[in-house]
1. Mind checking the angle between helix 248-263 and the chain's longest principal axis? C-alpha axes, 0 to 90 degrees, to the nearest 10.
2. What's the angle, to the nearest 10 degrees (0 to 90), between helix 2-15's Cα axis and the longest principal axis of the chain?
3. Mind checking which aspartates and glutamates have their Cα closer than 17 Å to the Cα of LYS107? Skip sequence neighbours fewer than 8 apart in that chain.
4. So, R0 is 22 Å and r is the distance between the beta-carbons of ASP221 and GLU177; what FRET efficiency does that work out to, to 0.05?
5. Let me know the charge dipole size of the chain about its Cα centre in debye, to the nearest 20, where only the beta-carbon of Lys, Arg (+1) and Asp, Glu (-1) is charged.
6. Got a sec? How would THR86, THR47 order by Cβ neighbour count within 10 Å, fewest to most?
7. Scan around VAL148 for amide H atoms under 5 Å from its own, H built in the peptide plane at 1.01 Å from N, and keep only partners 5 or more places away or cross-chain.
8. Can you pull the one-decimal nm distance between simple spin-label points at SER105 and ARG37, each 7 Å off the Cα toward Cβ?
Amino acid sequence: MKRAIILIIIAAAALFQPQECLAGGRKEKPADYAGSRIRFKALIHYTEYAEEAHVQFAHQTIGFFRKLTVGNGFELDQTTSLEGYTLEEILKYDVIISANCTPHSAKERKLFEDYMENGGGWVGFHAAAYNDRTTGWPWFLEFIGGGVFKCNNWPPQPVLVRTESRRHPVTKNLPREFVIPASEYYQWSPEPRQNKDIEVLLTLSDRNYPIGLKDIVYGGDWPLVWTNRNYRMIYLNMGHGDEEYIDATQQLLLINALRWIVSRSPEGNPFND
Ligand code: ZN
């Protein structure tokens with residue numbers, strides 16, 4: 001008798017199991033956290049041979065993005081060299097996340113160029129865009145917007161930043177102005193904003209000036225996040241030290257950046273079901 005009652009309860013529960021969630025009168029698909037669909041593939045490119053603060057950031061970047069793969073939403077690999085990849089292999093990644101690392105050898109540089117020219121995606125942090133007059137990579141200079149390293153603030157410190165437009169998918173849910181965690185920022189010459197292909201998304205507020213205690217910067221246009229419209233790329237100036245992931249707003253910015261790059265995949269937006 002007891003068993004029969006339990007069976008009736010189970011059957012009734014199954015009958016009333018909601019098949020769809022309703023949110024605001026709109027039919028939503030049920031959440032499927034344990035679904036096995038891999039939406040995209042990402043590769044973190046980093047180096048162990050850099051200044052300590054840059055390596056610290058790289059390790060934390062691996063941890064941060066690894067945590068975002070919970071539920072197998074995307075596949076994340078990591079490498080300290082692009083040398084071993086063929087173009088076909090590297091194009092399987094929807095995005096390369098460069099954590100303070102840039103291709104050095106001629107082979108790596110050629111592979112990266114071919115990857116980007118064939119629809120590859122790039123999220124580059126801090127020293128990933130560092131270049132000066134000795135770099136000798138004209139393609140990369142054009143890719144990054146034409147600016148070479150001009151100066152930096154020192155020591156690393158928090159700064160007030162300004163979003164350029166909240167119509168862009170990367171900045172749409174960010175405050176107009178907010179303070180980001182301590183970092184070293186590079187200023188560039190010529191300023192990337194002067195390039196018609198560059199869209200600046202986040203700028204260091206000029207209310208920070210003068211900025212620095214040792215190396216002091218007194219002014220200038222100082223874009224922090226931008227994209228080159230000719231590529232599926234975004235550059236973020238932050239990436240120095242172990243405080244970059246302590247702030248929710250900055251974390252949101254980084255997730256937005258990743259999502260935007262991946263959503264423009266040549267294979268189609270993997271977030272659209
Ligand atoms: Zn740095």
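1. Around 80 degrees separate the two axes.
2. Between the helix axis and the principal axis of the chain, the angle is about 50 degrees.
3. Within the straight-line limit of under 17 Å, LYS107 reaches these aspartates and glutamates: GLU83, GLU88, GLU89, GLU117.
4. Working: r = 16 Å, r/R0 = 0.75.
So, using R0 = 22 Å, E works out to roughly 0.85.
5. In debye, rounded to 20, the chain gives about 1200.
6. THR86, THR47
7. SER189
8. Reported label-point gap for SER105 and ARG37 is 3.9 nm.
Rule-based calculations on the coordinates, nothing more; no lab input. Quick caveat, the model's predicted, so the values are computed rather than measured. Cβ: placed from backbone, ideal geometry, glycine included. Neighbour counts: every protein chain shown.
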